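Quick notes on the structure that follows.
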Amino acid sequence: MTNTIHRFIQNGEYIVVDVNSGGVHVVDKLVYDMAGLLEPPLSEEMPERLIAELKDFPEDEVRECYGEIYELYKDKVLFSEDEYRKYADIAVKAPIKAMCLHVSHDCNLRCKYCFASTGDFGTGRKIMTPETGRKAIDFLIE
Ligand code: SF4
């Protein structure tokens, strides 16, 4: 299955993570429970079985909830597809999904409470050379 969600409860908050989009949704119990009962692709019409499966909730709230979940699905932030799956099949074994260049091992704000020793993690302030940056981009393109 490529439309993956992950649900968990943390400090009393109901959380649904849409793995492929990276969307993190803090939801109520009804959305949480319903998300666990759904499999994509979702249809615009709510599956009637949800009324019985969520019988602890009023029917109108169940219908409204499904509409909200469906909107998130249409916006591709819940039950979204793995956009990179197709590249895994046609390209290399481990396709690069993104590249983040750490161009500045420093920070000009120098906050006293900094988690990173004011930006250099206590290892000295460094800036990436243009040559290294170009090599990284060449590598990505290749
Ligand atoms: S906390 Fe550290 S990295 Fe963040 S802005 Fe302040 S000095 Fe920079």
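Readers should treat all values here as calculations from the given coordinates under stated rules, not as data from a laboratory. Since we're looking at a predicted model, the values are computed, not measured. We place every Cβ from the backbone using ideal geometry, glycine too, and count neighbours over all the protein chains shown.
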In terms of modelled amide H atoms, which long-range or inter-chain residues lie less than 5 Å from the amide H of Asn20? Thr4, Ser80
How tilted is helix 59-74 with respect to the longest principal axis of the chain? Cα atoms for both, answer in degrees (0 to 90, nearest 10). 30 degrees
Against the globular-protein guess of 2.2 N^0.38 Å, express the Cα radius of gyration of the chain as a ratio, rounded to two decimals. 1.52
For region 51-66 versus region 34-50, the gap between their alpha-carbon centres in whole angstrom: 11 Å
Say the cut-off is 24 Å between C-alpha atoms; which of Lys112/Lys135; Lys29/Lys97; Lys97/Lys135; Lys86/Lys135; Lys29/Lys86 go over it? Lys112/Lys135; Lys29/Lys97; Lys86/Lys135; Lys29/Lys86
Helix 130-141 against the longest principal axis of the chain: what's the angle in degrees, Cα atoms only, rounded to the nearest 10? 40 degrees
Using a Förster distance of 25 angstrom, determine the FRET efficiency expected from the C-beta separation of Gln10 and Tyr84, and round it to 0.05. 0.35
